[in-house]
């Protein structure tokens with residue numbers, strides 16, 4: 001096995017765990033402000049793109065309405081990426097090969113659970129089982145997309161051989 005590849009995948013996994021930890025370690029007010037600014041920019045972009053001519057008040061109302069689903073989609077995305085990184089890690093070791101997707105999902109679920117536990121100690125935040133389920137679903141979707149991509153890539157390679 002290529003030792004360099006193993007190290008790269010391990011560093012990517014640790015890096016992404018730190019990214020997730022940093023987002024989770026934000027106080028509730030800071031996290032809410034970040035989400036609010038992102039959703040406002042989304043509404044602003046849609047307003048400009050479709051020439052809706054929304055007032056400032058309407059933009060704020062729409063931003064508030066989409067904030068929760070955008071936050072949960074962000075959670076799912078970060079765990080989808082994390083699961084794919086874990087999959088890349090497990091693909092480097094032959095003894096994980098047959099169950100690599102299972103181990104990647106299990107690793108993401110385990111980290112999601114520990115992350116929610118960690119949030120119980122952050123000001124204004126709470127650890128929720130529901131969020132572990134959302135994160136786990138994101139990991140599963142990420143792995144399904146990886147499986148589709150890798151399957152199509154493998155077929156293309158086989159056809160070109």
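When we screen 64, 72 for residues that are surrounded by fewer than 18 Cβ atoms within 10 Å (Cβ to Cβ), more than 16 Å from the chain's Cα centre (by Cα) and touching a residue at least 24 places away in the same chain (Cβ under 8 Å), the only hit is 64.
Table: residues versus (1) at pLDDT below 95; (2) more than 29 Å from residue 136 (Cβ to Cβ); (3) surrounded by 12 or more Cβ atoms within 10 Å (Cβ to Cβ).
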site	(1), (2), (3)
8	no, no, yes
15	no, no, no
27	yes, no, yes
32	yes, no, yes
35	yes, no, yes
77	no, no, yes
86	no, no, yes
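Residue 125 satisfies every condition listed in (1) modelled with pLDDT under 95; (2) outside any loop (DSSP other than H, G, I, E, B); (3) surrounded by 12 or more Cβ atoms within 10 Å (Cβ to Cβ) except (2).
The values are calculated or read from the model by the stated rules, or taken from the named source; none is laboratory data. What you see is a predicted model; the values in this text were computed from it and never measured. When we count neighbours, we look across all protein chains shown, and the Cβ atoms used for this are built from the backbone with ideal geometry, even at glycine.
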